[in-house]
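The next block holds one structure in the form of structure tokens; read it before the comments.
The values are calculated or read from the model by the stated rules, or taken from the named source; none is laboratory data. Source: prediction; values computed, not measured. A quick note on method: Cβ atoms are made from the backbone with ideal geometry, for glycine too, and the neighbour counts reach across all protein chains shown. Accessible surface is based on the protein model in full, side chains and every heavy atom, while ligands, DNA and RNA are left aside. Shrake-Rupley method; radii C 1.70, N 1.55, O 1.52, S 1.80 Å.
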Amino acid sequence: MKTEFSVVIAGGGSTFTPGIVMMLLENQDRFPIRKLKFYDNFASRQETIAEACKILLKERAPHIEFSYTTDPEEAFTDVDFCMAHIRAGLYAMREQDEKIPLRHGCVGQETCGAGGMAYGLRSIPAVIEMIDYMEKYSPNAWMLNYSNPAAIVAEACRVMRPNSKVLNICDMPIGIETRIAEILGYEDRKQFDIMYYGLNHFGWWKEFKDAKTGEDLMPRIKEYIKDNGYLPPSVLSGAQHTDESWKETFIKVRDVYALDPDTIPNTYLKYYMYPDYVVEHSNKEFTRANEVMEGREAEVFTECHRIIANGTASDTTIEVEEHASYIVDLATAIAFNTKERMLLIVPNNGAISNFDPTAMVEIPCIVDNTGAKPLQIGEIPEFQKGMMSQQVSVEKLVVKAHVEQSKQRLWQALTLSATIPSASVAKDILEDLLEANKEFWVEMK
Ligand code: NAD
Ligand code: G6P
Ligand code: MN
């Protein structure tokens with residue numbers, strides 16, 4: 001058994017890369033790294049992040065062999081894990097994903113509704129290309145993918161690369177569980193035993209227990225969220241999910257919860273349950289992409305330039321993405337067969353007994369050195385089943401649109417989305433998205 005690993009971070013130029021490097025350094029005791037590479041297709045963007053990380057790594061872990069490249073062969077040769085977080089089309093296209101649907105009076109969001117579909121059609125070829133590189137140059141490697149929109153990417157993996165060693169994961173449930181820990185006065189989300197089911201960015205907790213005592217924590221959580229949503233009593237530390245727009249999302253959980261008080265919801269459901277509210281509360285000129293470009297992206301790049309200019313990262317303000325340690329949990333589970341229980345996006349295959357076996361669902365799995373083994377969920381209620389059926393068909397149709405190069409399928413997907421009111425609005429959005437995504441999407445007939 002290997003004890004030290006070679007990792008490539010794909011999307012080396014991502015705003016999350018420095019925080020993830022810090023997190024990997026914090027976790028060297030349980031997931032030791034011998035070689036770390038960055039891979040990106042945007043050389044100059046990656047160079048800034050990589051040159052800063054090179055300084056950081058030299059100071060804090062000189063034994064790790066570090067390099068960065070835009071050459072797939074160099075990147076994917078001699079690799080055990082690929083941690084993938086790419087954004088095909090960068091923030092400029094995220095801005096289009098958000099603004100185009102908004103212009104037509106519909107939800108404009110990175111992963112939900114029309115914007116999510118547009119992003120999905122950009123991500124599919126990019127992620128599949130990376131899987132192929134990985135399999136060509138390191139056939140035994142695993143890809144831990146959190147490139148979005150994870151639901152559509154996961155469905156594309158199921159359809160196009162069913163036997164590839166790819167695990168798709170999302171940090172939103174983890175982020176919410178961390179908030180709930182804070183709300184209930186627990187130190188760590190790992191003190192909970194939970195049952196969760198749904199699609200990616202589209203799910204519900206049906207059980208929430210104290211892992212030690214077995215106490216049912218649902219009543220306490222419900223009592224709190226009916227008034228406060230997931231806004232914790234004190235300010236959470238860490239940089240992610242703390243902007244004002246995220247606060248609004250966490251408060252809106254009150255109304256999402258009200259619709260089904262038997263479960264507690266993922267924040268993203270607001271886009272499907274309250275699309276009219278979301279549109280009314282969106283600024284069509286300045287969306288989340290603008291906020292991120294002016295905020296996180298500017299801050300991360302300024303800090304990297306500062307490290308490079310000073311030649312040291314000893315006083316860096318880059319924070320450890322502590323919540324991102326789930327990536328290490330996942331890698332460790334595969335590398336050391338820990339059988340950790342984690343939420344992953346996997347083929348349903350009967351786990352939700354009254355739901356499409358071919359749907360990609362987000363459910364608890366046991367992870368070992370062979371991959372993910374989903375737990376049985378059993379039957380889900382009519383309300384969730386109905387919402388999920390509609391949404392999973394949207395996701396499947398987007399992947400069909402790519403595979404069949406079919407505009408018709410994409411029009412159907414858009415029309416079926418709970419975020420779009422009619423086929424005619426769907427058609428108008430479709431034409432604008434096609435125009436904006438010409439250089440990224442497969443050619444559509
Ligand atoms: P970013 O734009 O800062 O970084 C993405 C990087 O990917 C860029 O440097 C870009 O050049 C690179 N890239 C784009 N296409 C590529 C390709 N074909 N090959 C190689 N590299 C490519 O974006 P970010 O905000 O840091 O987010 C990165 C990704 O992580 C996004 O997909 C985002 O949605 C995702 N994300 C997912 C989760 C989750 O819960 N699953 C959480 C956070 C972020
Ligand atoms: C959550 C989701 C991710 C998404 C991110 C967006 O973490 O799980 O899938 O990418 O939010 O955050 P941002 O700060 O870029 O809007
Ligand atoms: Mn996510």
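Assorted remarks:
- Cut-off 13 Å between beta-carbons: net charge of the residues surrounding MET172, Lys and Arg +1, Asp and Glu -1: -1
- The slack in the chain from SER389 to ASP243, taken as 0.36 nm per residue of separation less the alpha-carbon distance, amounts to 49.3 nm.
- The value obtained for region 392-445, namely the Cα convex hull volume divided by the number of residues, is 68 Å³ per residue.
- Pairwise Cα distances in region 100-179 exceed 18 Å for 49 percent of all pairs.
- Full extension of the segment from ALA92 to HIS281, taken as 0.36 nm per residue of separation minus the current Cα-Cα distance, would add 65.9 nm.
- Apolar share of the accessible surface for the chain: 49 percent from carbon plus sulfur atoms, 1.4 Å probe.
- FRET E, pair GLU291, LEU25, Förster distance 25 Å, beta-carbon r, rounded to 0.05: 0.30
- Averaging Cα coordinates gives a centre for region 164-234 and one for region 350-423; these two points are 22 Å apart.
- Within the chain, helix-based [θ] at 222 nm, where runs of 4 or more DSSP H residues each add -39,500 (n - 2.57), nearest 500: -14500 deg cm²/dmol
- Using a simple spin-label model with pseudo-atoms 7 Å out from Cα toward Cβ, THR370 and ASP262 lie 3.4 nm apart.
- The local environment of ASP368, defined by Cβ-Cβ distances under 12 Å, has a net charge of +2 under the rule Lys, Arg +1 and Asp, Glu -1.
- Probe 1.4 Å, protein heavy atoms only - accessible area per residue of the chain in square angstrom: 40 Å²
- Per residue, the convex hull spanned by the Cα atoms of region 17-171 amounts to 112 cubic angstrom.
- More than 24 Å apart - percent of Cα-Cα pairs taken over region 196-343: 51 percent
- Computed extension length for ARG60-GLU74: 2.6 nm, one decimal, from 0.36 nm per residue of separation with the Cα-Cα distance subtracted.
- Fraction in percent of alpha-carbon pairs per bin - 20 Å, the chain: 25, 61, 13
- Rounded to 0.05, the FRET efficiency of the THR48 and ASP216 pair, given R0 = 45 Å and the Cβ-Cβ distance, is 0.40.
- P(r), alpha carbons of region 1-104 - 10 Å bins starting at zero, rounded %: 15, 45, 25, 11, 4, 0
- At 1.002 mPa s and 20 °C, Stokes diffusion of region 240-312 via Kirkwood alpha-carbon radius, µm² per second: 147 µm²/s
- The heavy atoms of VAL328 present about 0 square angstrom of accessible area, all protein chains included, probe 1.4 Å.
- Here region 363-404 is treated as a Stokes sphere of Kirkwood radius computed over C-alpha pairs; at 4 °C and 1.567 mPa s its diffusion coefficient rounds to 102 µm²/s.
- Whole-Å semi-axes of the ellipsoid equivalent to region 26-79 (Cα gyration tensor, √5λ, descending): 20, 15, 8
- Formal net charge of residues neighbouring SER424 (Cβ-Cβ distance under 14 Å; K, R +1; D, E -1): -2
- For region 90-236, Kirkwood radius (reciprocal of mean inverse C-alpha pair distance, Å): 17.7 Å
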